[in-house]
Amino acid sequence: MNSLINYLSCAALWLGLAVRAPDLLRHRHDPYLRAICAVLGLAGLCFALGAPPTVGAVNRLSGVPNLAAPITYAAITGYCAASQVLVVHWRGGPRVRRTARRWTLAYAVVVLGIALTFALGEAPVERRTDLDTYYATTPFIAQMIVLYLVAHLTAATVTTVSALRWARQVRGGLRAGLTLIGAGSLCGAGYSATKLVAVGARWSGRDWSALGTTVSPAAAGLGALLVVVGVLVPLVTPRVAEWRRAGRAYARLGPLERALDDLLVRRALRLPRPRSASPATLLMWRRTSIHNALGHLDAYCDRDLYDRTRADTLTATGDPALAGAHAWAAVIVDALRHEAGAGEAPPPAAGTGRPLAPSPDPAALARISDVLAGAVRVPAASPAPSGRTTAGTA
């Protein structure tokens, strides 16, 4: 079961890496993107290498008992360094590059120390789950274990403090992401702390290996999950906010499109509705349909009606945007009635011969839709002096 969880976690993390990979290829010199991809890739690698079947496979293929241990420790150390470098880039400042370089160099030395102590020590008996406590008193192997655990605890502690301290200074998705990273790093610190406790117990002759085989992996898994979610939240939040804005704008244009629906169907002016589309795409589709209908109605629009209605509404409200929206709503309803009554006859000359300008922009379309939906109260247009009937207030 533990192996399955490890592999599923690895797959999820590498799926996130695959999503970010195209951005990294386009902006390969962006240190921020490199740090994100390093965190996702190394976190997944830690889960994959930590699974007992992978441990056995690495040891068997290499012919070196327990070679999987220093490789896993190196991956964990790299993940810690990448997480800290990511926080450094997020925070910014004049010394970002220098600070990130120092963290990278420090943990490169730790990885080198792990490799050196493993090479100097002897670990002939394969241990897939409890190597830390089994070899806690073995020369050089014990130093390797303590080295990676202390390095991990240090990075996790610094990341926790930095992320939570900075989270108090920001808002929105970044704050949520930093809080999750801080909580995940705290769980990561619990991983190394429980391992160190188990190793210390082994030095004093006690067997607390269960801490290293049950509590530590659970803390590491939860910590990695929280950190990765924390990394993704600031990336996803702007897109979600954009989708919400597009969704609200799409819904707001509904009354205007419904008013034009008969015309759109009769004249086949509506494009096919896109399937499995994002809110932004649906919004563009609805706006395109509305503009197609307005373009067809242009010949039936009455400029005099527009001018009268706008002037009356502007006098009553003093709001030019609302006056324009009310005037457009009146003209659209009037043009729809005349277009429907014309049947197959050719359209008349455009209104009084003066085109309506400017054409409604997206914000104006939303206000026109509000007027048609009755979402705003506007005064009625004055009666037209000519024989042509007006649309009222719609």
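The values are calculated or read from the model by the stated rules, or taken from the named source; none is laboratory data. It should be emphasised that the depicted structure is a prediction, and the values quoted were computed from it without experimental measurement. Here Cβ is always computed from backbone atoms with ideal geometry, including for glycine, and neighbour counts include all displayed protein chains. Side chains are part of the model used for accessible areas, which takes the heavy atoms of the whole protein and leaves out ligands, DNA and RNA. Shrake-Rupley method; radii C 1.70, N 1.55, O 1.52, S 1.80 Å.
Here the range 298-335 is scanned for amide nitrogen atoms under 15 Å from the site 7 Å beyond the Cα of Ser359 along Cα-to-Cβ, giving 298-301.
Between Arg95 and Leu24, residue separation times 0.36 nm minus the direct Cα-Cα distance comes to 23.3 nm. A Förster distance of 30 Å, applied to the separation of the beta-carbon atoms of Leu8 and Trp243, puts the FRET efficiency at 0.65.
The calculated FRET efficiency for Thr281 paired with Val161, based on their beta-carbon distance and R0 = 45 Å, is about 0.55. Equivalent-ellipsoid semi-axes for the chain (Cα gyration tensor, √(5λ), whole Å, largest first): 69, 20, 16. Using alpha carbons only, how many angstrom separate the centre of the range 44-87 from the centre of the range 224-242? Centre-to-centre (Cα) distance: 26 Å. Of the two radii for the range 1-212, the radius of gyration is 0.98 times the Kirkwood radius, both from the alpha carbons; that is the Rg over Rh value.
Among complete DSSP H helices in the chain, those whose alpha-carbon atoms stretch at least 18 Å along the helix's long axis and whose mean Kyte-Doolittle hydropathy reaches 1.0 are 31-50, 96-120, 141-167.
Normalised per residue, the accessible area of the chain is 50 Å², obtained with a 1.4 Å probe and no contribution from ligands, DNA or RNA.
Once the Kirkwood radius over Cα pairs is known for the range 56-153, the Stokes-Einstein relation at 10 °C and 1.306 mPa s delivers a diffusion coefficient of 110 µm²/s. Distance between the pseudo-spin-label points of His291 and Arg206 (7 Å out from Cα toward the beta carbon): 7.3 nm.
Peptides 321-330, 89-98, 289-298, 269-278 ranked from most to least packed, by the mean per-residue count of other Cβ atoms within 10 Å: 321-330, 289-298, 89-98, 269-278. Only DSSP H runs of four or more residues enter the estimate; each adds -39500 (n - 2.57), and after division by the residues of the chain the mean residue ellipticity at 222 nm equals -25000 deg cm²/dmol. Within the accessible area of the chain, the carbon and sulfur atoms contribute 63%, probe 1.4 Å, all protein chains present. In the range 90-147, the convex hull through the Cα atoms has an average projected area of 5.3 nm², a quarter of its surface area.
Summary of packing: across the peptides 125-137, 174-186, the per-residue average of other C-beta atoms within 10 Å ranks them, highest first, as 174-186, 125-137. The Arg60 and Arg273 beta-carbon pair, evaluated with R₀ = 51 Å, returns a calculated FRET efficiency of approximately 0.35.
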